[in-house]
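The values are calculated or read from the model by the stated rules, or taken from the named source; none is laboratory data. What you are looking at is a predicted structure, and each value in this text was computed from that prediction instead of being measured. Every residue, glycine as well, gets a Cβ built from its backbone with ideal geometry; the counts of neighbours run over all protein chains shown. Heavy atoms of the whole protein, side chains included, go into the accessibility calculation; ligands, DNA and RNA do not. Shrake-Rupley method; radii C 1.70, N 1.55, O 1.52, S 1.80 Å.
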Amino acid sequence: MSLSVEKRLPPSHPLAGIADKVLAGKRLSREDAVALYGCDDLEAVGGLAEYARRQKAGPGRERYVYYIHNMHLNPTNYCAETCRFCSYANPDERSKAYRWSVDRVMEEARRGAALGIREIHMVGGLHPSCDINYYEEVLRRIRSELPHIHMKALTAVEIDYLARLAGIGHEEVLVRLIDAGLGSMPGGGAEIFDEAVRSRMKVKKTPAAVWLSIHGVAHRLGLKTNATMLTGIGESVENKVDHLLLLREQQDRSGGFQCFIPLKCYYEGSDIKDEVREPAAEDLLKDVAVSRLLLDNFPHIKAYWIQLGVALAQRALSFGADDMDGTILEEKITHAAGARTPLQMAKDRMEDLIAEAGYIPVERDTVYNIVQVSERPAEPVPSPAVQR
Ligand code: V47
Ligand code: SF4
């Protein structure tokens, strides 16, 4: 995106009032976020978010873009739930359902470890025999054999399911899993918090208040967690803004979210395409930008290249994202629904992409400790469109 230093928002610009607030570091309102989504001047929206990203990054880190060397590991694709958008655990495909033994999970983890990964992102469907004892064993075996690997595992939906299976509370589940080696929680399973959308999509699992409360408990117990929002499932702009506001309120209460990841639905293998509007590239860039601007208490926003594709993920970096997620040895959920992005990215390629987009690649660990700042020369990136 070509942003011009000279370009300022004139007083007549529809975003002039919002720009004043952003430049003064003031919190944006629901109406502001709806106006940002409704604005046709995509460059101005992106420029504001880029400004907010730089402010949040802090001095000397304004051009840092983070990534991690990691793998995804999905122990089962069988799911007791039937969310209509999910082709990963589709009931019609139950004959293809799998459930790995702990030994098989270990084989996969060793494969990643041999390639030098530092994080396993482990999530799966809701399978009655993948209970808390199963996950305790998986976590203990990984910690004992591969102690240098951080386990970012189990969404709030899975924690809720494990609690119901065992007849115990969320806190007890989390305490036991932390004791077995759980290091942090990913942000999946939030979808869109609005009940009408959830009901149309047959999302019966973990409603908003429970999803948020589980993250609150995790934060109290010292875990860092992430948060997501899935778009392209029949949601309105207001639904998205309200989703973000619920996350912001939870973060005010418990403070342990480190990253927000906007997700986009892929439709292969589901029957929802004709009744929803597929987000255009501009919509996805606005999800990134508006989340950066509204979630003023979230340290990081991720451009999930697996779903955005590499080119749009690069562009999202100048719309407020400061993280490209991971190198990801294998991804099943979006690929089951038709994503065609390659399944593995070498660290070198990841760094090239970030540098080409004008930023400094920074390898991080799961909780954003810096592993290495790349020496690749970043292409000069123009200043944000909005100046003081
Ligand atoms: O929760 C389900 C979504 C999520 C489809 O925390 C679909 O760092 C697209 O949460 N098309 C899993 N998406 C992915 C996720 C995630 C990804 C990267 C990083 C992190 C993190 C979290 O995928 C699910 C659901 O919302 N999903 N079906 C589909 N057809
Ligand atoms: Fe199960 Fe998650 Fe798929 Fe819903 S989105 S069917 S809870 S795996």
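For region 193-207, which residues satisfy the criterion of being in a loop (DSSP other than H, G, I, E, B) and within 12 Å of ligand 2 (Cβ to nearest atom)?
Scanning region 193-207 gives Met201, Lys202, Val203, Lys204, Lys205, Thr206.
Any residue at all in region 359-371 that's of a type outside the set (Val, Ile, Thr) and modelled with pLDDT under 95?
No, the conditions are met nowhere in region 359-371.
Sort out which residues of region 185-199 are surrounded by 16 or more Cβ atoms within 10 Å (Cβ to Cβ), of a type in the set (D, E, K, R) and either within 30 Å of Arg143 (Cβ to Cβ) or out of contact with any His (no Cβ under 8 Å at 6 or more places or on another chain) (or both), and write them in order of number.
Correct list: Glu191, Arg198.
Which ranges mark the helices (runs of 4 or more DSSP H) fully within region 278-345 that have 3 or more residues being surrounded by 20 or more Cβ atoms within 10 Å (Cβ to Cβ) and more than 15 Å from ligand 1 (Cβ to nearest atom)?
Hits in region 278-345: 281-294.
From the list Asn74, Asn70, exactly one residue is within 16 Å of ligand 2 (Cβ to nearest atom) and open to solvent by less than 20 Å² (accessible area, probe 1.4 Å). Which is it?
Within the list Asn74, Asn70, the selection yields Asn74.
Which of the residues that make up region 99-123 are in contact with a Lys or Arg (Cβ under 9 Å, 6 or more places away or on another chain) and modelled with pLDDT under 95?
Gly116
For region 204-254, what are the residues that are over 28 Å from Glu119 (Cα atoms), over 19 Å from the mean Cα position of the chain (by Cα) and buried (at least 18 other Cβ atoms within 10 Å of the Cβ)?
Gly234
Can you find a residue that is closer than 15 Å to Lys332 by Cα and either within 16 Å of ligand 2 (Cβ to nearest atom) or among the acidic types (Asp, Glu) (or both) anywhere in region 102-117?
yes
Only one residue in Leu174, Leu182 is in a helix (DSSP H, G or I) and either in contact (Cβ under 8 Å) with a residue 40 or more places away in the chain or open to solvent by 10 Å² or more (accessible area, probe 1.4 Å) (or both), so which one is that?
Answer to the check: Leu174.
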